[in-house]
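The values are calculated or read from the model by the stated rules, or taken from the named source; none is laboratory data. Since the structure is predicted, the reported quantities are computational estimates derived from the model, not experimental observations. With ideal geometry, Cβ positions are generated from the backbone for all residues, glycine too; neighbour counts draw on all protein chains shown. Accessible surface areas use protein heavy atoms only, side chains included; no ligands, DNA or RNA. Shrake-Rupley method; radii C 1.70, N 1.55, O 1.52, S 1.80 Å.
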Amino acid sequence: MQQLSHWQRKGLGNNYSPHIYNKRIEHLYSSALAASLEDSDDEISQSFAEFVEMGKQAPNAEGTGRFLVGDDSRNCIYILLLKDAAIDLMLEKFLAAFFQSIPIRLIHTELQAKIKSKGRNRTSLVDKMRGFEFPLETNKLGAIDVFSLFDVLSEYLPIDAFTAIFVADLPIFDPCDPTATIGGRACGDRIAVLSTKNVSQRELFQTCAHELLHTFGVDHCEAWHCIMNPCIPEVVQDACMEPCPVDIRKIAIAIPKLDLEKRWQQLLDVYREMKWTIDVSWVEESKEEPVHLSQVQSLVARRGPDVQRMVVRSAGTGLTFALFASVLHLRGTSPVAQPLTYSHSHSLPDSTRQPYPNQQTPIEFDQLQSSSSLLAWNGELFRDINIPPGTSDTAALYSRIFGGAEEAMKYFDGKIFSRHLLHSLSTLRGPWAIFIYHAPSNTLFFGRDVLGRRSLLVRFPSQTCASFSISSVAGAQTTSTDNLTKANETKRIIDDAASDTSDDMEGSDNWWGDADSDWHEVPANGIYSICLADIDLNAGKDNFRKHLTHYPWLAHGFSIIDNEALISPTNPILNPRIPKNFDLENHSILANPNIIGNNEIPLPVSDQAKSALARLTSALSSSVAVRVQTITQQCAATLNTPDPLAILFSGGLDCMVLAALAAQHLPCGSQIDLLNVAFDNPRVRKAAAEASEREKHAQRKKTKKINKMAKNIGSTDDGNGKKIEGNPNENGNYAETIRSKVLDYPSHLFAVPDRKTGLKGFKELRQSFPHIKWRFLEIDVQFEEAQKQKSWIMGLVYPLQSVMDLSIAMAFWFAARGVGAYVNDSGVRVAYETKAKILLSGLGADEQLGGYSRHRKNFDSSGWQGLLSELQKDVLRISKRNLGRDDRIVSDHGREIRFPYLDEEVITELSSLPVHLKTDLRLPKGVGDKLLLRQLATQLGLVRASVEVKRAVQFGARTAKMTDGKEKGDMNVSI
C-alpha cells in the first residue's frame, strides 16, 4: 500500500515498485516543479498510462514508438563505432548497468567518414568492404544532417539488435534547427546517433542513455531531475543521470526482465568507479528498504504454483494497494483463484474472473472501487460438516464470511460485518492466515489462527518509506555481520530441546513491532483491523499502529452476546490437578532400576490411565484422518491418480505414530514417502575419515586372520586351540561379509543418527502395515549444496535470523524439497523426487507431553508442580513459537505442512488430562517422557519406536555447527 502526492499520481499510476518511487526519492525532486504541476490541469507529458496504451505502433511525431524487449529474437543493445571513432569503454559498462538485463555489444564498423574539399554535399560515409559510398547532407558549418545518417545506418542494424546507437566523431544537427549542433538524436527505426564532438564524458553518457530511451518509446519529460528532460544538459550540468519514477516504470514495462534492485546497485558501482559524486549521492540518498513487490510476488508465487492473480485497487484518500495471491490446489474439482471479490450488490463473486495459469499472472485494475470487497487466505478447514468431501474449502469460507444475497446489504455496515466476521472466524477449525478488505467501510482485516500455524508478516510504514505491507513471506536477508551477537535483545523462544529455555513471553506485544527488523510476524493473538480513511502513511510506524484495532482471542467456551468477540476454538489451559501418591501407577521399572538398559513401556493399569490412552488415540487418530483423507477425496473429485502422502521422518516416536495412524486411514496400495534428510557435515566428515582409517586398519588385520583360518576348511581347530564354527565359505568369503557391514549405508558421511533410526522405523512400518507402499527417501545434502542455498533459506526464515533457526530450517527446506533416492526391492538405488503436496510434521508432541529435557529438569527441581507450570508455559506459547517459519520453509517448494498434534481437539483433549497420565518423569528417559504417546505407539505395534529418545532435528540430521563448533543457537547468522 502506497501514498503519493498529487502530481506523481497523475503520471505514475498504480502498483509500482518502491525502487521506482519512495518518499526519499520524492524529496530529491524539485519542489518548484512539483508546485507548478499542482497548479496545472495538464498531465505530465506521456504519463505511464499513455505509455501502456501506446502499445506496439509506428513511430509517433517525436520519432518514438514502444516495443517490448524479448518480443522476438532482437534483444541486444549495440554500440556501433564508425571507423576511427573513439569511445570511453566505460560507456559499455554504464549502459549495461542502466538497462541491467539487456546485453550490450560494442562493435567497430567499417563505415568511415570521407570529407570532400568542395561542394555542399562534401561529406559521405564509405564502406570499403562492400564498395559503397553514401553522401550525407551537411550545413554551412560542416555539421551532418542526422536524418541523412539514419538513412544509411538503418541498413547496418544487426539482426539481433533491439536498438543500436551509432557513435561518430562528427558534428551533427537536426533539420528543425540547422544552425545548432546537437549531441544525439533518435529515430523511430530503433536507431540513435551519438556525437562525441566537444562534449564532456558525463554529458556524453547522459545523452547516450537519453537517446536510447527514446528508442524504447519514452518521450521527453518535464520532471526537473529526469534524464529525459531535454533542458537538463543546458541548465543543470550536474543533474542526476536517473529517469524520474514515471519513466523508470516505463522502462520496467518495456524490459520485462529488468531487476530494479540490481540495476540500482550496478549503477552505484559504476558511479563510484567514475567518481561521479552527485550520482553516488543521489542513489545512496534515495535508496530505500521498501517492499520489493516483484520479489515478494515471486516468493508468494512459489508457494502456490497452480493459480495466481493480482488485483490493484484504489482505496481513496490517495491510497493504492495491490493484492497478489497464489493457490496450491489441494481440494475441490478445480482451483479457486484468489483474491476473491465480492460486490455488496450481488450474492456471488464476479464469475468473469477465471483462474490464471502460472507465469501469466494478470494485473487487474478493479473498477468496483467502492462496492467490492476482497478475500485472500492461506489455510485448511478441517472437521467442518458443512464442507462436503472433495469440495473447495475456500469457496465455503467465502460463503460463510460474505453470505448470500439476503446478507449483502446487511453486511454493508462495517460494525455488523466485523461482528459477523469474528463469529465466522471463531467457527473455523484448522490452520489459516487471512486478509479481508471490506470496501464499504474501507477497512482491512488480517490475522492468523489461534495457534499461528500459517505464516503472516507485516511491515509498517516509516518516515522514509510510506508503505504498509502484509505477506506470507518477505525474502529479506539477515543484516547481521556479527556472528557473536545475540539474535534478539528481547528474549524469544526457540523451539528446540537443546535450547532448554523457559523464558516467558507473556505480557505484551512488543515483540511484533518494536524490533529493528523491517518485517515482523503478525502475532497469533487475535485479528487486527485498520480503517484506511484514518491513516497517513507518511506519519510513520508509531502513528500507524495507533489506528490498529485488535480483537483478541477469548477463552474457549466463552459466551458473549451482541458484542465483537473472537472465541478460541481450543482450550490450552491445563488440568491443574497435582497427583497424589495413590494416583500414581506403580510401574515395575521403578522397583528395579537395573532394567533401564532394556526399557519397556509400561501399559496403563488403572481405568483412568486406560481412559486417557483411549481419548488420545481417538483424538489423534481423527486429527490424522482429516489431514490425510483429503488426498483420496481429491482423487475421487478430480478422477486423477492420488498423490503420495509425505512425512518429515526421523524414525523417532512422534513421526512413527503419525505414519502408523496415516496408514490406518489410507486405502490399500496408497503410497507414503518418508522424507529423511542427512547432511555432510565437514566437522563430522573429518572425524569420520579418521575413524574410517582406524576401521580399515582393524579390517585388514581381521581379514588376514580370517583368510588364514579359511585355509583350514574342515578343521575343528584354528591352530590356537579354538573350535571353528561352521564353514567359512558357506555364505561367501568372510572378508566380504564383514565388508558388507561397513557398507550398510550408501555413504558413511550420511550415516547420521536420523538416518539410522529412520531405516529402523522404515523396516518396522513395512512389517506392521504391509498394505501401504512405503518409500524411504534418503535426502543426502552435500556441504557445498547446503552452503549454496544458505542465503536463500535465511531469506525465508527472515525476520528470524538465529543460528538455530537456520539449522532447523536447513533440515526442513531440503527435506521438503523431496529430492533424493530410495532403494527398491531389488536393492537398486533409484533417484526420486516426491510428488507429495501434503507433508505431516510431528511438531507439538513434545510441548504437550513433556518431551523436552527442560521438563525433566523442572520435575527434578520442583516436582509435579514445577513440571505442570513448565508444560503450561509451553502450551500457551505454541502460537509464539516458530510455526510460521516452518510454513515459509516448506511452502517454498509448493507443498503444505500439516501438524496433527496441533489439532484443536487434540490440544483440548490433552489439556484436560491430569499431568501424570501424559508424562511420568519418575521413569527413565525414553520411557517416562511422553509416556501416553509411547503407550499409543506400543498399542500400534511400534515396539522399537516406543522407546526412542528425543533428539533435536539439527543434531539428528547434523545441520548444527557445520562450519563453526563454537556457534551457539541464539547467535545471529553471519552470511
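Laid out as a table, the results:
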quantity: The stretch 653-685-the stretch 873-952 distance, computed between alpha-carbon centres (Å); calculated: 15
quantity: Simple label model, 7 Å out from Cα along Cβ direction - D169 to D607, nm; calculated: 10.7
quantity: Accessible area of the stretch 820-867 belonging to carbon and sulfur atoms, whole % at 1.4 Å probe; calculated: 49
quantity: Per residue value of the accessible surface for the stretch 600-650 (all protein chains in place, 1.4 Å probe), Å²; calculated: 43
quantity: Heavy-atom surface of the stretch 152-227, accessible at 1.4 Å and reported per residue (Å²); calculated: 33
quantity: Largest-first ordering by accessible area, 1.4 Å probe, given options R383, R775; calculated: R383, R775
quantity: Ranking by accessible area, most exposed first, for E273, E242 with a 1.4 Å probe; calculated: E273, E242
quantity: Accessible surface, the stretch 894-952, averaged per residue in Å² (probe 1.4 Å); calculated: 22
quantity: With DNA, RNA and ligands ignored, accessible area of K925 (1.4 Å probe; Å², nearest 10); calculated: 120
quantity: Per-peptide average of other Cβ atoms within 10 Å, ordering 139-145, 158-164 highest first; calculated: 158-164, 139-145
quantity: Other-chain or far-sequence residues with amide H under 5 Å of S670's (modelled H); calculated: K773
quantity: Residues A395 and A689, FRET efficiency given R0 of 56 Å [Cβ-Cβ distance, rounded to 0.05]; calculated: 0.45
quantity: Residue-level accessible surface for W519, protein heavy atoms, 1.4 Å, Å²; calculated: 20
quantity: Inter-centroid distance (Cα atoms) of the stretch 521-548 relative to the stretch 604-633, Å; calculated: 41
quantity: Flagged links, alpha-carbon separation over 26 Å, of K873/K930; K580/K930; K93/K128; K696/K773; calculated: K93/K128; K696/K773
quantity: Percent accessible area from carbon and sulfur atoms, the stretch 167-208, protein chains only, probe 1.4 Å; calculated: 48
quantity: Within the accessible area of the stretch 640-685 (1.4 Å probe), percent carbon and sulfur; calculated: 50
